[in-house]
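Below is one structure, written out as structure tokens; comments come after it.
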Amino acid sequence: MKAIRASRFSFVFPLFVVLLFVSKVHGAEKHLAYLVPDARIPFWNIMADGIRHEAAELDYRISVYSAENQAKKELEFTARAIREEVDGIILSPTNSSAAVTVLKLAEQAGIPMVISDIGADSDNYVSYIQSNNYQGAYDLGEMLALKMEDKGWSNGTVGIIAIPQKRDNGKARTRGFLNALEEQGIGSAGIFQQSDFSYRETYDFTRKLIARHADLRAIWLQGSNRYQAALDAMADAGKADQLLLICFDAEPEFLDMIAGGELVGAGMQQPFLMGEKAVDTMDLHLHGRKVKKVQQVDVLPVSGRNLDQWLPLIMRNVLGHGMESQ
Amino acid sequence: MNSTVAGDNRAPSLIVRATLAMISVILLVFLLHAVYVYTSQRAEIIDATKDDINESLQRLSENIAPFMAAYSVNEYEKLVATETALKEHFAVVVKDREMGEIIGEPYYVSGRIRSEEGGYVAYQKDSAALNERLGQAYMSDTATITGADGEALGQVSVYASDAPLVAKLHKVIVEELLTILVLSVTLSLLLIAVLRRYFLHSLQRIDLAIRHRDEEGIPLQPVPDLQYREIRGLGQTINTMLESIKESRAKRKIESLRLENTITGTHTGTWEWNVNTGETVFNERWAEIVGYSLAELAPISIETWNALVHPDDLKKSARLLERHFLGELPYYECEARMRHKNGHWVWVMDRGCLMTRTDDGQPLMMYGTHQDITERKEAEKQLSMAAGVFRHAREGILITSAKGIILDVNAAFTQLTGYARQDVIHQNYQLLSSDRHGELFMKTMLKALHEEGVWSGEYWMPRQDGAVFPALMTIAAVRNRAGEVEHYVTLVADISNLKQNEDKLRLIAHYDNLTGLPNRILLTERLRHATLVARRRKEELAVVFMDLDGFKEVNDTCGHAAGDQLLTILADRMKYALRECDTVARLGGDEFVVLLPDLSGKDGCRQVLDRLLAAVSAPACLGEGQVQVSASIGVSIYPQQPDVDADTLLRQADMAMYQAKQNGKNQYYFFQPVSAPMMPVLPG
């Protein structure tokens, strides 16, 4: 498994480099719009940076509209982009449902659209760029199993605090993680779905898992932003030293936490890379090239073991450091 | 007889008829129900559609509002799509005013509409085809979408087409038809099952019971006792009918046998005639009467009769038939002659009666008989002749029964006897018995009748006035074919004249014409009879031979007439002088013989002899003169030793008279046997 993972990244990275340095004459005098849910959120901002960066590379004029998580603004920006007769729209919708209306309006206006990260409930887009959630979760499962093996825990269960499972990315993450656990012979203690994504919610779920399952060995958070609540709950339960925490997605502080062993690992998406890929895809489409309807970007399973190795990649594609928009 | 009645297969089936009737009723009921359901369902569907529209409008306007306010267009569009599909609306169109502002139009219009293919497609306000289709909606309604603050966010319109209505009604119709079909089939099957189980089964049992029939079609077995009251009642009724039929048939059989025996016994020919078609049926006897067999007469029709009957009788028959057909005669009856196979005519009594008529009253079927009456006709002929004899014969004819009851007499009989016919009819033959005939006579008569069948003889027939007359009567027994005496016929001929003539002849032969005294013949008979009686009674008699003295002189002087007159006078005087039992006879001329029976010797007769001499010798007046003669008398006495016969006595008296004559006349002289050798027998 490790060999496979190394092989995959050995392929992705050269591709990234090629794309980074390819000729930038494709989008001359063309105008693209990027509808971002909320540019204030680092993930989206990093993705916007990737889009800007690649648009600049390809000589596209890019307009980034941040809806600040408001559907009205998203629609208004869509209408505005349509009125401005942009050549293409890259959309990271506030949600998959809202994406449908945007796609509909763009379709009616004859403007091609590429979706980046959050999917749409319709398929009238050029291409959909998404993280490979299944692969990322599966790698995390293997990573946790390895850690437990290191700990000498031959048995025990893992509690899961999941994002809503109605979302495709949530279902893919759960399926990938559980498959890995099953292959490693580790049982699941149960799963709680987040609804309001609050600190309290994650804290309570963690306490319940601890209280109900004496053999609980780890907590897996499918989101990254409430990791502290989980840590606090484990600490409050007096299990800080007896439980492991592993997360999907990444926060800037995760690098230190992984390095410090506070966090077993994290499945890190690559928003910057996704933004770049979205622009590239639009460029290919505008030039009449055929593109894949769905394109998946690897999630980086970062642990203490590979942190140092992947740090440059993490810094660029995950955190967007050093590649800010100009 | 196990054969099925002809035409069974063509007869309608009770089960089929009942089932069809029930199916018809069921279909009618359910069709009416279907019409009612269709009408009510249509109203309900329309109301339900309206309700659905209103309900959807209410639900959509409430549910869309927050999404519309949040610009979650896709969400409310999903609501719309869900509601449209769920309620199967024809179309739902939403006008979003806020969204319209965003895109720079009055409304952002979205929605769902059913396509021609039946699925739903997104409504596009700029699509003429979709707008045209929207205009085909059957009904629609619109509700305003208001925000939390009451501001109008937009509108939602729900459209319904008549397609669901038609589909639902079609479904209703199909369901109803299926229901009708299923219920009809189910009920029919149930009906058939019930009919078969409770009705047909019973009928089949009845049918099975009465299936085995005799040659006349009458069931051999009674209907079994069935379970159900009504059918049991039917079975009992059938059994009662069967019993009645059997009894009736037994009676009919007896009657038929009687009729057949009667027909056979009476040698009666029978015929059936379809007056309308001329078809005719005869029995063998009918043909036999005319000397044929039925096969020889084939083909048989009314023409067979027409060809054989005498032309004159055919006309008569036709007239009688016509009168019978018209109702003037209760029966047809005609004596007709038919040509026998051998060529002669036979008489038949043709009788018949019209039994059926056609619907329009025309004669149809007639049945009758033929009776050979040839013998009867011959008998009638002979009887007619006999009747003529009976009526016109001069002899009285008397017909009695075998028991002697007088049945009839003819006119001659009434004339002979004075009895009126009604006086003797039904009277016993004893009425005509006569006292003159003794018991022996009657026994002799009856014996002759019994043994020989006939008796003939003289009979003293009594008259109504009590007198009798001599009749020559012949009684003949009339026997039937069995030889039994049925009648006696008595012929009575009056022989009174004959008897009188006989008396006259007897008188002429035995008496003297002049004096009326017995002559020699009668004297001889009486003398013989008297000698027999005297011998039997041991009595004496005397034979007196008397010859007149001087009669020749009277006869010569006074004439023969005077002599005859004198003889008459003397005869009368001698009858008066003698006893009643005495006989005086004239032998001829002036010779007389007197027979004196029952004497007591010579002395007993001397007084008589003296009175004779006195009577003869007394003067007799002849005309104006008077004459006187005397008599010489010879007497012989019987019995004598040895015995003598009458002729000898008479010769002895003659010889004694000669002695008296010789001794001087007017005296009597007894024959002396010693002188007999002197009295040779002289020829009379």
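Sort B:Asp654, A:Asp283, A:Asp232 so the one with the fewest other Cβ atoms within 10 Å of its own Cβ comes first.
Ranked by crowding around the Cβ, least crowded first: A:Asp232, B:Asp654, A:Asp283.
Label region B:393-495 by shape, choosing from rounded, prolate and oblate, from the square roots a ≥ b ≥ c of the eigenvalues of the Cα gyration tensor; if a/c is under 1.5 it is rounded, and otherwise prolate applies when a/b is larger than b/c, oblate when it is not.
Oblate, since a/c reaches 1.5 and b/c is not below a/b.
I'd like the antiparallel share, as a percent to the nearest 5, of DSSP beta bridges with both residues in chain A.
Percentage antiparallel, nearest 5: 10.
With no solvent and one point on each alpha carbon, what is the Debye value of log10 I(q)/I(0) for the protein assembly as shown at q = 0.06 Å⁻¹?
For the requested q values the scattering log ratios are -0.81.
What order do you get for A:310-318, A:206-214 when each peptide is scored by the mean count of other beta carbon atoms within 10 Å, highest first?
A:310-318, A:206-214
Within region A:173-200, what residues put their amide N at less than 13 Å from the label point 7 Å along the Cα-to-Cβ vector of A:Asn155?
A:186-187
Indicate the gyration tensor shape class of region A:133-268 (rounded, prolate or oblate), computed on the Cα atoms with a ≥ b ≥ c the square roots of the eigenvalues: a/c under 1.5 is rounded; otherwise a/b larger than b/c is prolate and the rest oblate.
Because its axes are fairly even, with a/c under 1.5, region A:133-268 counts as rounded.
For A:Gln242 and A:Glu182, what is the calculated FRET efficiency with R₀ set at 22 Å and r taken between the beta-carbons, to the nearest 0.05? Kindly include the intermediate steps, with their values, before the conclusion.
Details: r = 23 Å, r/R0 = 1.05.
About 0.45, to the nearest 0.05.
Roughly how big is region B:12-209's charge dipole about its Cα centre, with Cβ charges of +1 (Lys, Arg) and -1 (Asp, Glu), in debye to the nearest 20?
The dipole of region B:12-209 has a size of about 1540 debye.
Do the sum for chain A: with -39,500 (n - 2.57) for every DSSP H run of n ≥ 4, divided by all residues, what is the mean residue ellipticity at 222 nm, to the nearest 500 deg cm²/dmol?
On the way: 11 runs with 152 residues, N = 326.
That calculation yields -15000 deg cm²/dmol at 222 nm.
Give me the one-decimal nm value for the distance between modelled label points at B:Glu624 and B:Thr474, 7 Å along each residue's Cα-to-Cβ direction.
My value for the distance between the label points is 6.5 nm.
For region B:140-192, state which GluC sites (Glu not before Pro) are in a DSSP loop and have at most 14 other beta carbons lying within 10 Å of their beta carbon.
B:Glu151
Quick one: what does P(r) look like for chain B with 20 Å bins over all Cα pairs, in whole %?
Histogramming chain B at 20 Å steps yields 11, 15, 15, 11, 12, 10, 7, 6, 4, 5, 3, 0 percent.
Identify, among B:Ala148, B:Ile192, B:Ala137, the residue whose Cα sits farthest towards the positive end of the charge dipole of region B:99-205, taking +1 on the Cβ of Lys and Arg and -1 on the Cβ of Asp and Glu, with the dipole about the Cα centre.
Farthest along the dipole direction, towards plus: B:Ile192.
³J(HN,Hα) across region B:30-40 via Karplus (A = 6.51, B = -1.76, C = 1.60, θ = phi - 60°), whole Hz, x for Gly/Pro?
6, 5, 4, 4, 5, 4, 4, 4, 4, 5, 5
Mean residue ellipticity at 222 nm from the helices of chain B, using -39,500 (n - 2.57) per DSSP H segment of n ≥ 4 over the full residue count, to the nearest 500 deg cm²/dmol?
Dividing the helical sum by the residues of chain B leaves -16000 deg cm²/dmol.
What nm distance separates the two modelled labels at A:Asn225 and B:Val533, each placed 7 Å from Cα along Cα→Cβ?
20.3 nm
Taking Cα centroids, how far is region A:64-121 from region B:37-99 in Å?
Taking the Cα centre of region B:37-99 as reference, the centre of region A:64-121 is 27 Å away.
Given A:Leu307, A:Phe272, A:Pro252, which one lies farthest toward the positive end of the charge dipole of region A:235-307, if we put +1 on the Cβ of every Lys and Arg and -1 on the Cβ of every Asp and Glu?
Sorting the options by dipole projection puts first A:Phe272.
Considering amide H positions built from the backbone, and no H for Pro or chain starts, which residues 5 or more places from B:Ile397, or on another chain, come under 5 Å of its amide H?
The list, which skips near neighbours in sequence, is B:Asn410, B:Ala412, B:Phe413, B:Val492.
Based on DSSP, what percent of beta bridges with both residues in the protein assembly as shown are antiparallel, to the nearest 5?
70 percent
Where nothing but the Cβ of Lys and Arg (+1) and of Asp and Glu (-1) is charged, how large is the charge dipole of region B:561-651 around its Cα centre, in debye to the nearest 20?
Values: 8 positive and 13 negative charges, 42 e Å.
About 200 debye.
Cα extents of chain A along the three principal axes, largest first, in whole Å?
Sorted from largest, the Cα extents of chain A read 62, 39, 31 Å.
My understanding is that a pair violates if its Cα-Cα distance is over 19 Å; which of B:Lys552/B:Lys665; A:Lys147/A:Lys239; A:Lys30/A:Lys73 do that in this structure?
A:Lys30/A:Lys73
Out of B:Ile206, B:Ile180, B:Ala534, whose Cα points farthest toward the positive end of the dipole of the protein assembly as shown (charges: +1 Lys, Arg; -1 Asp, Glu; placed on Cβ)?
In the protein assembly as shown, that residue is B:Ala534.
Average partner chain C-beta neighbours within 10 Å, per residue of A:116-122?
Averaged over the peptide's residues, the number is 1.
Would you mind checking which residues have amide H under 5 Å from B:Trp460's amide H? H placed 1.01 Å from N; only 5 or more apart, or other chain.
Sorted by chain and number, the residues that satisfy this are B:Ala471.
Under the rule a/c < 1.5 gives rounded, and otherwise a/b versus b/c splits prolate from oblate, where does region B:490-646 land using the Cα gyration tensor? Please list the in-between numbers first.
Numbers: a/c = 2.41, a/b = 1.11, b/c = 2.17.
Here region B:490-646 falls in the oblate category.
Below 8 Å, C-alpha to C-alpha, sequence gap of six or more: please give me the relative contact order for region B:266-378 in percent.
Reported relative contact order: 29 percent.
At most 15 other Cβ atoms within 10 Å and a DSSP loop assignment: could you name the GluC sites (Glu not before Pro) in region B:288-373 that fit?
Passing sites in region B:288-373 are B:Glu328.
Treating the beta-carbon of each Lys and Arg as +1 and of each Asp and Glu as -1, no other charges, what is the dipole magnitude of the protein assembly as shown about its Cα centre, to the nearest 20 debye?
3280 debye
At most 16 other C-beta atoms within 10 Å and a DSSP loop state: those are the exposed chymotrypsin sites (Phe, Trp or Tyr not before Pro) I care about. Give me the longest piece of chain B that has none.
On the way: sites that count: B:Tyr138, B:Tyr228, B:Tyr331.
For chymotrypsin sites (Phe, Trp or Tyr not before Pro) (loop position, at most 16 other Cβ atoms within 10 Å), the longest site-free span of chain B is B:332-684.
Other chains' Cβ within 10 Å of A:92-98 residues: what's the mean? Spell out each step's value before the answer.
Details: counts 0, 1, 2, 3, 1, 8, 6.
Mean shielding count: 3.
Run through the DSSP bridge list for chain B and note the antiparallel percent, rounded to the nearest 5.
Antiparallel: roughly 95 percent of the beta bridges in chain B.
How shielded is B:67-75 by partner chains, expressed as the average number of their Cβ atoms within 10 Å of its Cβ atoms?
Rounded to a whole number, the mean comes out at 6.
For B:Asp598, enumerate residues with amide H under 5 Å from its amide H, sequence gap 5+ or separate chain, H modeled in the peptide plane.
When sequence neighbours closer than 5 places are left aside, the close amide H contacts are B:Glu540.
All of the numbers you see were taken from the coordinates with simple rules; none came from a lab. Because the structure is predicted, anything quoted here is derived from the model rather than measured. Glycine also receives a Cβ, built like all others from the backbone with ideal geometry; neighbour counts cover every protein chain displayed.
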